[in-house]
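Enquirer: There's a structure below that I have some questions on.
FYI, it's all coordinate maths here, none of it is from the lab. None of these values were measured; they are calculated from a predicted model. All Cβ positions, glycine included, derive from the backbone under ideal geometry; neighbour counts span all protein chains shown.
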Amino acid sequence: MTHIVDRRLNGKNKSAVNRERFLRRYRQHIKKAVADAVQRRSITDIERGESVSIPSRDIEEPVFHHGQGGKQEMVHPGNEEFVTGDEIAKPPGGGGGGSGSGQASPDGEGMDEFAFQITQEEFLDFLFDDLELPNLARKKLKDTEAFTYSRAGFTSQGVPAKLDVVRSLRGAHARRLGLGGSRRKKIRELEEQLAALKSAPEDLDAAFSHADQIEALEAEIASLKSNMRRIPFIDEIDLRYRQHIKKPKPATSAVMFCLMDVSGSMTQTHKDIAKRFFILLYLFLRKNYKKIDVVFIRHHTSAKEVDEEEFFYSRETGGTIVSSALKLMNKIIESRYSPDEWNIYAAQASDGDNWNDDSPVCGKILAERILPLVQYYAYVEITPQDHQMLWYEYEKVMEHAPQSFAMQQIADPGEIYPVFRQLFERKAA
């Protein structure tokens, strides 16, 4: 057998390039392993790396070897039991060949499946592959930055809308003073000489007559005043425009509202499904945003904002009034999260059980007060049975806001990740 070894020089990061090529080649195996891992993990370790196994048959590589050459003559012996067309029965129990990966040798040795570890970042990349936040693809979530304009002095060029009149007139006045200061001083001196000359008696022995001296002084004064009048009141070099510079500020601030029904009809299984769905949504937003706030709201007959520990592990229960959670969410948005500065998302999980009189109220609050403020609202009904009244009310809302509202049903834990992908699947352009 011939082995070919590539000993060409490569950069120090050649292992990273090889790893990326390897991940692309076995993408389907890794995605399947990631999807399976999501279903069995708890909220505390859902984002760590994962060990991925690839069947040995899928990692076989072609090899070069020497074949039999030349002209060969072989004699194949016949048999006394079979003739052409007979079917050979399968040996009982596999004929003693055993079972395994198909790589076993006659002495019982074999080859295990190839296993490797993917990092946390790679795990999240495969977990959220081909997903996006609806209505926000054009904002380029990972690197988006907004800019605020701040004053940065004045400039001699700009648009008329930014002309600072006071600053321009002040500069023009300084220019006129600078250009005409010496002339005005000269004019004052000549006017004093002219006044003294007019008041003095005429000197008959002077080279110039008294009238000629007065005429010369008046002509020089008139020339200086004419030069003064030619100094423009305001010139282009006097114009000053307000200058603003763009200062980047993080615009990828997002808040996610998690609304969970903890009424008596929500069993522990329902709450666990809701918890897994919420953590997937949280990781998805955190991966795409530099800053993320999470607001946890539990509700039964009343709603209250809680921390993560109480949200997932509190045993408080009661009746069901879903509108209390929607009202609290709207109040929090108005007080702390301006839609001009925050990208607002919401995920609501419930079994759909609600007072009949309260379901229409929920639909009205959602359509008129919440959806105009949020980027996306996802409702998940956790029930293996028929839909409840709340589902039908939300269907009416979705008819008027299909771009910002979505709803799905989850019957068992195995449907959490597929439903999550349906809610955030990248839409074709």
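Enquirer: Spelling out what I want: for every residue of segment 226-240, take phi, set θ = phi - 60°, compute 6.51 cos²θ - 1.76 cosθ + 1.60 (Karplus), and round to whole Hz; glycine and proline get x.
Expert: Karplus values, whole Hz, x for Gly and Pro: 5, 5, 4, 5, 7, 6, x, 5, 8, 10, 4, 6, 7, 5, 10.
Enquirer: Can you tell me, using C-alpha contacts under 8 Å and at least 6 residues apart, the relative contact order of segment 331-421 as a whole percent?
Expert: Reported as a whole number, the value is 31 percent.
Enquirer: Can you run phi through the Karplus equation (6.51, -1.76, 1.60; θ = phi - 60°) for segment 398-413 and list ³J(HN,Hα) in whole Hz, with x for Gly and Pro?
Expert: In residue order, the calculated couplings are 5, 4, 9, 9, x, 7, 10, 9, 9, 9, 9, 10, 10, 9, 8, x Hz.
Enquirer: Shifting gears a bit: Which value in Å is the Kirkwood Rh of segment 348-391 over different Cα pairs?
Expert: Numbers: mean 1/r = 0.0883 Å⁻¹.
Across segment 348-391, the inverse of the average 1/r is 11.3 Å.
Enquirer: If you don't mind, another one. For a paramagnetic label modelled at 7 Å from the Cα of Ile332 toward its Cβ, which residues of segment 403-422 fall within the zone defined by backbone nitrogen distances under 15 Å?
Expert: Counting only backbone N, you get no residues.
Enquirer: What is the packing order of peptides 150-159, 368-377, 402-411, taking the mean over residues of other C-beta atoms within 10 Å and listing the highest first?
Expert: Working: 150-159: 11.5, 368-377: 18.5, 402-411: 16.6.
The packing order, highest mean first, is 368-377, 402-411, 150-159.
Enquirer: For segment 315-380, take the convex hull of the Cα atoms, compute a quarter of its surface area, and give me that in nm², please. Write out the running numbers ahead of the final one.
Expert: Working: hull surface 20.1 nm².
The Cα convex hull of segment 315-380, projected and averaged over all directions, gives 5.0 nm².
Enquirer: What per residue convex hull volume, in Å³, comes out for segment 215-329 when only alpha-carbon positions are used?
Expert: Considering the Cα atoms of segment 215-329, their hull volume per residue is 171 Å³.
Enquirer: Based on the Cβ-Cβ distance from Arg170 to Leu190, what FRET efficiency comes out when R0 is 30 Å, to the nearest 0.05? Each step should come with its number before you reach the end.
Expert: Numbers: r = 30 Å, r/R0 = 1.00.
Rounded to the nearest 0.05, the efficiency is 0.50.
Enquirer: Mind ordering 350-358, 186-194, 223-231, 235-243 by average Cβ neighbours within 10 Å, highest first? Don't jump to the answer; show the numbers that get you there.
Expert: Values: 350-358: 18.9, 186-194: 13.9, 223-231: 12.0, 235-243: 16.1.
For the peptides 350-358, 186-194, 223-231, 235-243, the packing ranking is 350-358, 235-243, 186-194, 223-231.
Enquirer: Applying 1/(1 + (r/R0)^6) with R0 = 60 Å to the Cβ-Cβ distance of Leu163 and Glu20, what FRET efficiency is obtained, to the nearest 0.05? Walk me through the numbers before you get to the answer.
Expert: Details: r = 55 Å, r/R0 = 0.92.
The pair Leu163/Glu20 has a calculated efficiency of 0.65.
Enquirer: Step through the table entries Lys247/Lys396; Lys246/Lys327; Lys275/Lys396; Lys31/Lys271; Lys162/Lys186; Lys246/Lys287, compare each Cα-Cα distance with 32 Å, and write down the pairs that go over it.
Expert: Details: Lys247/Lys396 44 Å; Lys246/Lys327 38 Å; Lys275/Lys396 27 Å; Lys31/Lys271 26 Å; Lys162/Lys186 39 Å; Lys246/Lys287 27 Å.
Flagged as over cut-off: Lys247/Lys396; Lys246/Lys327; Lys162/Lys186.
Enquirer: Next question. Mind listing the phi-derived Karplus ³J(HN,Hα) values for segment 312-326, rounded to whole Hz, using 6.51, -1.76 and 1.60 with θ = phi - 60°, and x for any glycine or proline?
Expert: 8, 10, 5, 9, 5, 8, x, x, 9, 9, 5, 4, 4, 5, 5
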